[in-house]
Structure formats: structure tokens, C-alpha cells
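Student: Dropping a structure here in C-alpha cells format, bear with me for questions.
The values are calculated or read from the model by the stated rules, or taken from the named source; none is laboratory data. Predicted model, so just to flag it, every value in this text is computed and none were measured. Backbone-built Cβ (ideal geometry, glycine too); neighbour counts: all protein chains shown. Just so you know, the surface numbers come from the protein's heavy atoms only, side chains and all, with ligands and any DNA or RNA stripped out. Shrake-Rupley method; radii C 1.70, N 1.55, O 1.52, S 1.80 Å.
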Amino acid sequence: MHAPLDAVCSALADPTRRAILARLAAGEATVNELVEPFEISQPAISRHLRVLEHAGLILRRVDGNRRPCRLAPDALHELDDYLSMLKKGMEANYARLDRLLAKRSRR
Amino acid sequence: MSKLSLTTEGDTIVVVKRRFDAPPEEVYRAHTDPELVQQWMLGPEGWTMPVCICEARPGGSIRYEWSDGKGGGFYLTGEFIELDPPHRILHVERMHLPDPTPDNRIETIFTADGSGTAMVMRMTLPNAATRQAMLATGMEHGMEASYVRLEAQVLPAGA
């Protein structure tokens, strides 16, 4: 089940959230562990984490009274599918258009 | 070696350039006549476009539906804004996967270049993150690539 692409894009649009994702790419972290390097308040970090969680970019698990966050394994698949399709599709399309134009010019 | 060049302007613009060995009239027609669009704008090999609506007039609708022939598919909708045949097309489009992607505003210019055509397609995305992600497309698919891409492309340097 993928999050809507819009939610993914708006979650990624914020530099702090991108930085949080970069930190989580290096491994799991709790809210408190994220507060320190980012020098912003815990409520602010928590708000960013909620946006990322809603977009399906991170997962949180319960470990006693800790709730560590990690990157969702297939978070960017939908975005990836679209983007990869776009570039590859574009190359294939124009090669096909070349052939179509050549065929029409021979008429 | 790809003849396609893909560069950026500012935070939200992607510029695609490509040359074709046919005059602007032919290249413009191939972008605006649904019978021709249906023959080339197909994406990866094996895909077809069973539905192609391309009303090339200001306010005209665009709807392209693609199928992989195995029950898979998706579609794109859009609207033409301005047309100046055979030199310029301005339109907006979005993919439906099935959720719509952010609107992509696209200006396509065809200029005579010798006996051929130089095409410049300027795509304006709604925000920097969407564009950054869009530029990450050259890489291979898959999990590992996703994370490499996440680190190298989507995330700012030094984050």
C-alpha cells in the first residue's frame, strides 16, 4: 500500500525532513537522538516525523518506552517507478519518433 | 550514446533537448496528431497506448492511457494552453498512478536546424523536491538504487 505521491513529494520538499531521512538512512533513531544533531525542539521533530510517517517514508516501532524510527523499505518505489519510467520512456519514445519521421519522409 | 540532453534551470525547471532529422512541421504534427502520438509515445518496449485523446487547441484535453498488455497500466491527463504551429506547444500534464503526480507545465519549442528540428522542452515542476527526484531517473531500478538515489539526489549534500 503506497502513500499518495503528493504526500511523498510534499514530505520531501522540506529540507529538515530530507535531512532526517538522510540520518535515518544511516540507521534507526529515536526522537531524542534526532533532536540533538538538528538543534530544533522535540515537538518540532515529532511534527516532521508525523509528516514522514503519513507519507509512508518512515516506520516506527515500539521498544519499551522508546519509539525508534527507520526508513520504510519501499518508501520511494512509487516515485521511482514514475521517474524511471519517465526517463527510460523518453529515450525509447524519441528513438521511435525518429523511425516514424524517417518512414513519413520516404513517402 | 544518447542524443537526449537533460539539464536544469533554477530550482524547479528541467530542460530536455533533442534533435530530429525532420522539419518542424513534421515534428510538431507527431506531437499533436493523436494517430501519430499513439505510434511513438509508448514508454518502455512492449507498452501500447489504447486510448489517445489529444485535442490540439487552447483548452483542449489530453488523455493518454498506457497498457503493458498484461493487465497493468496507468494514464496521463492534461490540457493544452497555447499552440503556435509548428513552433510551440504549451501544456500541463500529470500522471495518475492512480494518485495524480504534481502538475508538470511543459513548453515545447521546435526550431528549424538545417534540414531537421531542434527541440527544447522546458518542464516546470511545482517544487524543488519533485524536480530533484525527477533527475534521479538515470539510475537502475531496485532497492539499493533507491537508497543511493535517496542519498545522492533527493537529499541535499552534507545532510
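Student: Along Cα→Cβ, 7 Å out, is where each label goes; now give me the distance between the ones at A:Ala26 and B:Glu9 in nm to one decimal.
Tutor: Inter-label distance under the simple model: 3.8 nm.
Student: Right, here's the next one. Mind running the shape call on segment A:1-75? Use the C-alpha gyration tensor, a ≥ b ≥ c as the square roots of the eigenvalues: rounded below 1.5 for a/c, prolate if a/b tops b/c, oblate otherwise.
Tutor: Values: a/c = 1.77, a/b = 1.27, b/c = 1.40.
Oblate, because a/c is 1.5 or more while a/b does not exceed b/c.
Student: Using the beta-carbon distance between A:Asp14 and B:Ser115 and R0 = 35 Å, what value does 1/(1 + (r/R0)^6) give for FRET efficiency, to the nearest 0.05?
Tutor: E between A:Asp14 and B:Ser115, to the nearest 0.05, is 0.10.
Student: Ignoring ligands, DNA and RNA, please state the percent of accessible area on segment B:1-84 from carbon and sulfur, probe 1.4 Å.
Tutor: 49
Student: Now for a separate question. Going through segment B:1-54, which trypsin sites (Lys or Arg not before Pro) have at most 16 other Cβ atoms within 10 Å and a DSSP loop state?
Tutor: Taking segment B:1-54 and a limit of 16 other Cβ atoms within 10 Å, the loop trypsin sites (Lys or Arg not before Pro) found are B:Lys3.
Student: Same structure, new question: Once phi is turned into θ = phi - 60°, what whole-Hz ³J(HN,Hα) does the Karplus curve with 6.51, -1.76 and 1.60 give for every residue of segment B:26-31, x standing for Gly and Pro?
Tutor: So the Karplus estimates, Gly and Pro as x, are 6, 5, 4, 4, 5, 9 Hz.
Student: Mind checking the mean number of beta-carbon atoms from other chains within 10 Å of the Cβ atoms in A:18-28?
Tutor: 3
Student: On to the next question. Would you tell me the accessible area of A:His54, worked out with a 1.4 angstrom probe on the heavy atoms of the protein chains, in Å² to the nearest 10?
Tutor: 140
Student: Just the number please: accessible area per residue for segment B:5-126, 1.4 Å probe, all protein chains included, in Å².
Tutor: Here the residues of segment B:5-126 average 46 Å² of exposed surface.
Student: Go through segment A:8-56 and name the trypsin sites (Lys or Arg not before Pro) that are in a DSSP coil and have 13 or fewer other Cβ atoms within 10 Å of their Cβ.
Tutor: none
Student: Put a dot 7 Å past each Cα toward the Cβ at A:Ala95 and A:Arg66; how far apart are the dots in nm?
Tutor: It works out to 5.0 nm between the two label points.
Student: Return the value, in Å² to the nearest 100, of accessible area buried between chains B and A (probe 1.4 Å, both sides summed).
Tutor: 4200
Student: Hand me the GluC sites (Glu not before Pro) from segment B:41-80 located in a DSSP loop with no more than 13 other Cβ atoms within 10 Å, in residue order please.
Tutor: On the way: sites: B:Glu45, B:Glu55, B:Glu65, B:Glu79; in loops: B:Glu45, B:Glu55.
Passing both the DSSP loop test and the Cβ count: B:Glu45.
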